[in-house]
């Protein structure tokens, strides 16, 4: 074999190793994106909520599913318009696909609503959010499912 061919093959092999996705960094990026999603929602309500979904994002409310920013906004606006309502959550873990372009977070959520009688209703549950890496490198929610705890 010619020395230049050997060097070229070695360079291809080394570059192939360097281009492997850093899965730990991708998991951390998804955890960070989930926390930023929670902060944006706390700060901006429904606008923060919708901004973290992909254009074709899917949400599973009780009884079915909805897709797209307009449908998600329509579903969530009444809750976030109520100044007595709050929604908080924290991711517990994340996993990513080998290509580091798709992943999910699992976590816990809590919603609070102060009723007209002055009594506070607190609901807790678990969620899973499927995240898709965007062309700009950011992560957006492609699918969100929450399951309330049994009472």
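How many of the residues in the stretch 56-112 are on the phi > 0 side of the Ramachandran plot and exposed (fewer than 15 other Cβ atoms within 10 Å of the Cβ)? Talk me through it step by step, then tell me what you get.
So the first thing to find is which residues in the stretch 56-112 are on the phi > 0 side of the Ramachandran plot, and the list is 63-64, 68, 100.
Subset that is exposed (fewer than 15 other Cβ atoms within 10 Å of the Cβ): 63-64.
Within the stretch 56-112, residues that are on the phi > 0 side of the Ramachandran plot and exposed (fewer than 15 other Cβ atoms within 10 Å of the Cβ) number 2.
State all residues of the stretch 64-95 that are under 17 Å from residue 41 (Cα atoms) and in a strand (DSSP E or B); if no residue qualifies, say none.
Correct list: 85, 86, 87, 88, 89, 90, 91.
Taking the stretch 96-151, which residues are touching a helix residue (DSSP H, G or I) at 6+ places or on another chain (Cβ under 6 Å) and assigned to a strand (DSSP E or B)? Lay out the reasoning, then the answer.
Applying the first criterion (touching a helix residue (DSSP H, G or I) at 6+ places or on another chain (Cβ under 6 Å)) to the stretch 96-151 yields 96, 100, 103, 105, 131, 139.
96, 103, 105, 131, 139, listed by residue number.
Would you mind stating whether residue 115 is surrounded by 15 or more Cβ atoms within 10 Å (Cβ to Cβ) and in contact with a strand residue (DSSP E or B) (Cβ under 8 Å, 6 or more places away or on another chain)?
no
Each reported figure results from applying straightforward, stated rules to the coordinates on display, with no laboratory input. Predicted, not measured: the structure shown is a model, and the values here were computed from it. Don't worry about glycine lacking a Cβ; one is built from the backbone with ideal geometry, like all the others, and counts go over all protein chains shown.
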